[in-house]
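Data first, discussion second: the structure below is written as structure tokens.
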Amino acid sequence: MLRRALAGVTAHVAFATRRRTARQLFRFALAEHESMLELRAAAARSPSPERRALYLRHALDEQRHATVFSRHADEIRRALGLPEHGRPRTDCEALYERLGEAGFLAFVHRGEHRGRVQFEAYAAHFARRGDDRLRAVFAALITDEKEHERYTGELLVGCAGGEAAARALLRRVAFGEAVRVWRRAGQGIAAIVYAAAMAVLYACLLPFAVLVRFADPERGGRWRVR
């Protein structure tokens, strides 16, 4: 409930203008494209033919989602007289190799749950705004998100060795995601603090620079205004 309420609140900012809407839709396209690459990589490495088939089918869904988001983003940008973003292009983080299959499934399961909740909130947001076209875009993808959430949850229990182990993996993945968010936030804060410190330093040194600029070397360093 909290995640859905938060998504509903942030929707007012993310989709405040047509330009922002196009930007946000293209961000979704990039995220879906990256998910597609991760699933293809998982399909190439999984020892189970059944799981490989499921990953490939899921990858096709993600590719379709990326195309839908990208197309709508470009339509909005064209209407605004802006250049198109073009096809989404991203890399993947090799999550299957880093996390193992059970960890990978936990990561994907959490992502699909988060995506479903967000899409439900965004569909409701556009319904309230009377934008039936974008409401339909998100509403159409919710069914896929529910299916992805269901099958990854079932596979996770099997790969982890039981529901208790699956829950432990989900907690571990959630903690890992929190650490990543914290590090990124820390990097952003560090950059802001550095910029602020340099601005203060510049402001403190500026008077001395002005004095040096107007110093008269012929009078032993006395100051004069020209």
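The values are calculated or read from the model by the stated rules, or taken from the named source; none is laboratory data. Fair warning: this is a prediction, and the values are worked out from it, not measured in the lab. These accessible areas exclude ligands, DNA and RNA; they are computed on the full protein's heavy atoms, side chains included. Shrake-Rupley method; radii C 1.70, N 1.55, O 1.52, S 1.80 Å.
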Probe 1.4 Å - accessible area at Asp91, Å² to nearest ten:
130 Å²
Quantify, in whole percent, the carbon and sulfur part of the accessible surface of segment 66-154 (1.4 Å probe; protein heavy atoms only).
49 percent
